[in-house]
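Derivation of every value follows stated rules applied to the coordinates shown; laboratory data play no part. Owing to the predicted nature of the structure, the values given are computational and were not obtained by experimental measurement. All Cβ positions, even for glycine, are placed from backbone atoms using ideal geometry, and neighbour counts span all protein chains on display.
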Amino acid sequence: MKSLRILHLEASSGWGGQEMRILKEAVAMRLRGHVVVFAVMKKGLLVDQARKEGFVVYEMNFKKPYWLLTLFQLLRILSKHRIDIVNTHSSLDSWIGGIAARLFGARVVRTRHLSTPIKPGWNSYFLYGKLADRVVTTCAAIVPTIVEQSRKNPSLCRSIPTGVHPDKIQVDSKKVTLFRESLGFKQKDFLVGTACFMRSWKGIGDLLKAADLLRNEEIRWVIIGGGHIETYRQKAKDLNLDGIVSFTGHLEDPFFAIKALDVFTLLSTAHEGVSQAILQAAYLERPLVATPTGGLNEVCIHQKTGLQVPIFSPKEVADSVLYLRDHPDERQKFGSEAKKLVLERFTFQTTADQMEEVYESAFLKN
């Protein structure tokens, strides 16, 4: 197979899981001999990150009033770099990028990073059907909807979750011990926690309610991460959970904190794909308690790698935590199976292999 010339388009100006995946994937494709170029929203945070990695990055405005100008800019980029594949990632860049690619004759791969519903009707039909040769999602739950609404052949739409790099998930056992001590809990306390950027749909409220239900047990709760932390600190205070729930704030290296937990939870109520945090916890052999939202049920497999609970169900969360506390053999089994699952299906090596297959199949399309 020849070296492909790939153009990534990104209209988002943020820096989160979506942008991180795009950049990691670009690095992986470059290592495999492909040429990768970026066209990113002006002043978007991906611009500097991609340039630091040595990529050619064009800045442009993907907003609708600028589409005509952007279209001509994209056509020049496509011609200058002789682009084979255009990979679009957000709604705005998918429209204008898809049109530009069709005019130039390049293939289009549309990656959808969210598990939220897509607009039905002509929007889905054109954006995922006519303006895309292949569609990639980051969790399996959204694939049937895209296939139905775009009227696309199911073989042209597949889920490729963002895997983890096992070699980068390194944990110093001394840091784990020090972390548990730093929380001020007793050594014998059973630790349950989560790791996420706190948003309204991450289920932190349900975790706090579960902690309230188990306040008389020797169970302590740890919430790792930043985001809307003050909102949930106040909710914990309102529930009189001082000394029961601890907030760490953002940790640049969260692995030792995740490893310190006896049970890892992720109680998202919407929007979730295959979370990096739950994959990291699984690789670190933590038994899981999670909702089936989005791609979480691909990692938290009920009675195999952990226990699934319905969304908005603090009582079921509390019951699951008690069960795992009282069944250490089950915890060990779930943790072992969770790590095995990550190594089999959710490494970034697998992500890169599968994305390369998609690019090659799109390029070879008749």
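Check which residues have an amide H placed less than 5 Å from VAL108's amide H, if you skip close sequence neighbours.
Distant-sequence amide H within range of VAL108: VAL86, ASP133, ARG134.
With each pseudo-label sitting 7 Å past Cα toward Cβ, what's the GLU344-PHE104 distance in nm, one decimal?
About 4.1 nm separates the two model spin labels.
Assigning unit charges at the beta carbon (Lys, Arg +1; Asp, Glu -1) and nothing else, what dipole magnitude in debye, to the nearest 20, does segment 34-116 show about its Cα centre?
160
Rounded to the nearest 5, what % of the DSSP beta bridges within segment 166-345 are antiparallel ones?
The antiparallel proportion sits near 5 percent.
Assign one of three labels to segment 175-262, namely rounded, prolate or oblate, based on the Cα gyration tensor with a ≥ b ≥ c the square roots of its eigenvalues; rounded applies when a/c is under 1.5, prolate when it is not and a/b is larger than b/c, and oblate otherwise.
Oblate.
Hey, what does the equivalent ellipsoid look like for the chain, semi-axes from the Cα gyration tensor as sqrt of 5 times each eigenvalue, largest first, whole Å?
So the equivalent ellipsoid measures 41, 20, 19 Å along its semi-axes.
PRE reach from LEU45 (point 7 Å along Cα→Cβ): which of segment 10-32 fall under 13 Å by backbone N?
Residues 12-21 fall inside that zone.
Let me know the charge dipole size of segment 11-153 about its Cα centre in debye, to the nearest 20, where only the beta-carbon of Lys, Arg (+1) and Asp, Glu (-1) is charged.
So the dipole magnitude of segment 11-153 works out to roughly 200 debye.
Going by how many other beta carbons lie within 10 Å of each one, how would you line up SER268, SER173, fewest first?
Ranking SER268, SER173 by Cβ neighbours within 10 Å, fewest first, gives SER173, SER268.
Can you tell me the dipole magnitude for the chain around its Cα centre, using point charges on the Cβ only (Lys, Arg +1; Asp, Glu -1), in Debye to the nearest 20?
Computed about the Cα centre, the dipole is about 1360 debye.
Below 24 Å, Cα to Cα, which lysines can LYS130 reach? Residues fewer than 8 away in the same chain don't count.
Once the sequence-local lysines are set aside, what remains near LYS130 is LYS63, LYS64, LYS119, LYS152, LYS365.
Under 18 Å between alpha carbons, and skipping anything fewer than 8 positions from LYS202 in its own chain: which lysines qualify?
Here the lysines satisfying the reach criterion relative to LYS202 are LYS235, LYS315.
Across the Cα atoms of segment 166-345, what radius of gyration and what greatest pairwise Cα-Cα distance (Dmax) are found, in Å?
Using the Cα atoms of segment 166-345, the pair Rg, Dmax is 14.6, 43 Å.
For ASN153 and ARG30 in one chain, what is 0.36 nm times their gap in residues minus the Cα-Cα distance, to one decimal in nm?
41.3 nm
What is the calculated FRET efficiency for ARG199 to SER173, with r their C-beta to C-beta distance and R₀ = 30 Å, to the nearest 0.05?
After rounding to 0.05, the efficiency reads 0.40.
Can you list the aspartates and glutamates whose alpha carbon is less than 13 Å from that of LYS175, not counting same-chain residues fewer than 8 positions off?
ASP253
Note down the nm distance, to one decimal, between modelled labels 7 Å out along Cα→Cβ at LEU364 and at GLU218.
Placing both labels 7 Å along Cα→Cβ, they lie 6.0 nm apart.
What is the spin-label model distance, in nm, from ASN240 to GLU330 if the labels are put 7 Å beyond Cα along the C-beta direction?
The modelled label-to-label distance comes out at 3.0 nm.
Determine, from the Cβ-Cβ distance of HIS250 and LEU68 and an R0 of 30 Å, the FRET efficiency 1/(1 + (r/R0)^6), rounded to the nearest 0.05.
After rounding, the FRET efficiency stands at 0.15.
Would you mind putting 217-223, 332-338 in packing order, based on average other-beta-carbon counts within 10 Å, highest first?
Ranked from most to least packed, the peptides come out as 217-223, 332-338.
Would you work out the relative contact order for the chain, in percent, from Cα pairs under 8 angstrom that are 6 or more residues apart?
Once normalised by length, the contact order is 14 percent.
When N is the residue count of segment 1-153, what does its C-alpha Rg come to as a fraction of 2.2 N^0.38 Å?
Dividing the Cα Rg of segment 1-153 by 2.2 N^0.38 Å gives 0.98.
Using a 7 Å offset from Cα along Cα-Cβ at PHE126, what residues in segment 71-114 end up with backbone N under 16 Å from the label point?
Counting backbone N atoms under 16 Å from the label point, the list is 71, 91-103.
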